[in-house]
Amino acid sequence: GITGLPKTNFTTVIITGQVDDHLTTVDISGVSATRASLDFDATLPLNLGTNTLILTATSPLGHVTTQALSVIEGTIPTVVTLEPADGSKSYAEAAVTIQGAGSDQEADPIDYQILIDAQVVLDWAPTATYLWTPAQAEAGLHTLELRVRDDFGGEGAQPVETFVVRPPISPP
């Protein structure tokens, strides 16, 4: 038997499986598998798109079995928009909407995470919107970051810097 990921965003894939004789040799698309008793594994490079990997198992008596496995290397999602914009200014004690969107070439579903100064404020969620009201004590430079990921190991990120300033003094 053979197992592997049907889709991944990584440039390599680990194929694992078992054979029925500890002397059987296993080759997957030209890569010799590492053996431990009846178990085997091999790390193979992938190209973007569909990759057809061919497993060849050869028994001690010379019987050859082949099996094809298709693995897709997908693309990594990217951040398309993030607000507020890099270099923006916000007033302390005023709500700031942090929001963004990502894109994936294969239209894989994307989850989002938002960080303020490297602290997670919105953990992985299907939408990227967070309402932040910085206190006066938080005046100064802050780094906001939007991270995007899909279910296949791809992750992208976009940081922006924003300045929190004290609100203007209104005349009496």
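Tabulated values for the structure
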quantity	calculated
Tally of residues being without any contact (Cβ under 8 Å) to a residue 40 or more places away in the chain, part of a strand (DSSP E or B) and small (Gly, Ala, Ser) across region 87-102	1
Output for region 150-172, where each listed residue is farther than 17 Å from Pro84 by Cα and modelled with pLDDT of 95 or more	none
Members of region 50-106 found to be touching a helix residue (DSSP H, G or I) at 6+ places or on another chain (Cβ under 9 Å) and among the hydrophobic types (A, V, I, L, M, F, W, C), listed by number	Ala92
Pair list, Cβ under 8 Å, 6 or more apart: region 63-75 residue within 17 Å of Thr43 (Cβ to Cβ) and open to solvent by 90 Å² or more (accessible area, probe 1.4 Å), other residue in a loop (DSSP other than H, G, I, E, B) and of a type in the set (D, E, K, R)	none
Lone qualifier among Pro6, Pro84 - being open to solvent by 70 Å² or more (accessible area, probe 1.4 Å) and either touching a residue at least 40 places away in the same chain (Cβ under 8 Å) or farther than 30 Å from Ile110 by Cα (or both)	Pro6
Phe163 vs. criteria open to solvent by 30 Å² or more (accessible area, probe 1.4 Å) and under 14 Å from the mean Cα position of the chain (by Cα)	no
Test: residue in region 106-115 that is touching a Ser or Thr at 6+ places or on another chain (Cβ under 9 Å) and touching a residue at least 60 places away in the same chain (Cβ under 8 Å)	no
Where Ser90 falls short, out of the listed (1) over 30 Å from Leu115 (Cα atoms); (2) more than 27 Å from the chain's Cα centre (by Cα)	(1)
Among residues of region 121-172, those that are in contact (Cβ under 8 Å) with a residue 24 or more places away in the chain, within 30 Å of Val13 (Cβ to Cβ) and not in a strand (DSSP E or B), counted	6
All positions within region 17-75 that are part of a loop (DSSP other than H, G, I, E, B) and either among the acidic types (Asp, Glu) or under 26 Å from Asp104 (Cα atoms) (or both)	Asp20, Asp21, Leu46, Asn47, Gly74, Thr75
Any hit, region 116-129, residues being over 16 Å from Ala85 (Cβ atoms), open to solvent by less than 50 Å² (accessible area, probe 1.4 Å) and modelled with pLDDT under 95	no
Condition broken by Ser103, with the remaining ones in (1) closer than 17 Å to Trp124 by Cα; (2) in contact with a Lys or Arg (Cβ under 8 Å, 6 or more places away or on another chain); (3) hydroxyl-bearing (Ser, Thr, Tyr) satisfied	(2)
Residue count, region 9-56 (criterion: farther than 26 Å from Phe152 by Cβ and either open to solvent by less than 40 Å² (accessible area, probe 1.4 Å) or of a type in the set (Val, Ile, Thr) (or both))	4
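The values are calculated or read from the model by the stated rules, or taken from the named source; none is laboratory data. Model, not experiment: these values are computed from the prediction. Ideal geometry is used to build each Cβ from the backbone, glycine not excepted, and the neighbour counts take in all protein chains shown. Accessible surface areas use protein heavy atoms only, side chains included; no ligands, DNA or RNA. Shrake-Rupley method; radii C 1.70, N 1.55, O 1.52, S 1.80 Å.
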